[in-house]
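The structure appears below as structure tokens.
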Amino acid sequence: MAAFLAENYAGSGQHIGRVDIRILLKSDFEKDDAYYITECKRIDGSSDLNKKYVKEGVARFVTEKYSSYYGRNIMLGFVVKKIDISSNVKLIEEIQNADLSQQMHGNFEFIESKDVTESYKCMYQIQSGEIELCHIFSDYSSIMEK
């Protein structure tokens, strides 16, 4: 059974969301709200999963469903089918920039490419200021069952 980490307490034992990975820094270990969040999504180049990456991933940070103590967090795309990651990133960027909410808009800036991983960063304007998301796309297609 997967352990989910509660995020943004809404009272009466309710939490607004469940994060995939919470990263605590040793220097801030005693601060309850000081952590980075990594949200994970599958990517196969399809419109369906690209939309989920934006609507059920990026949106959780931009709408502040997930907190952002440091103003930076990570979106991790597990690429499960052999695709051109760079081309797919452009499609994801188009989906988020077509959203009616201006908060969802942002431009992916290429950071680096190493072996089977490509990294980008994107700044988003949110109600409390701005947030930077690092988008990391890792190609796992070679180990996925056919």
Under the helix-only model (-39500 (n - 2.57) for each DSSP H run of 4 or more, divided by the residues of the chain), the mean residue ellipticity at 222 nm, to 500 deg cm²/dmol, is -4500 deg cm²/dmol
Here the gain from full extension of GLN102 to SER142, 0.36 nm per residue of separation minus their alpha-carbon distance, amounts to 10.7 nm
Residues TYR66, TYR53, TYR140 in order from fewest to most other beta-carbon atoms within 10 Å are TYR140, TYR66, TYR53
In terms of the alpha carbon gyration tensor, root eigenvalues a ≥ b ≥ c, rounded if a/c is under 1.5 and otherwise prolate when a/b exceeds b/c or oblate, the chain is prolate
GLN125 neighbourhood, Cβ < 13 Å, K/R = +1, D/E = -1, net charge -4
Sorted largest first, the Cα spans of the stretch 27-70 on the principal axes come out in Å as 41, 19, 11
Computed for the chain: size of charge dipole around the Cα centre, +1 on C-beta of each Lys and Arg, -1 on C-beta of each Asp and Glu, debye to nearest 20, value 320
In the structure shown, of LYS31/LYS65; LYS26/LYS81; LYS65/LYS114, the pairs separated by more than 25 angstrom at the C-alpha atoms are LYS26/LYS81; LYS65/LYS114
Rg from C-alpha atoms of the stretch 25-106, normalised by the globular rule of thumb 2.2 N^0.38 Å, equals 1.22
The rounded separation in angstrom of the Cα centers of the stretch 102-146 and the stretch 25-68 is 11
Put in order of increasing Cβ neighbours within 10 Å, starting from the fewest, ILE85, ILE37 give ILE85, ILE37
FRET efficiency (SER47, SER27; Cβ distance; R0 35 Å; to 0.05) is 0.25
Least to most buried among MET123, MET104, MET75, by other C-beta atoms within 10 Å and fewest first, runs MET123, MET104, MET75
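Where a number appears in this text, it was derived from the coordinates with a stated rule and is not lab data. Bear in mind that the values here come from a model prediction, so they are computed numbers and not experimental data. Neighbour counts are summed over all protein chains in view; Cβ atoms, including those assigned to glycine, are modelled from backbone coordinates with ideal geometry.
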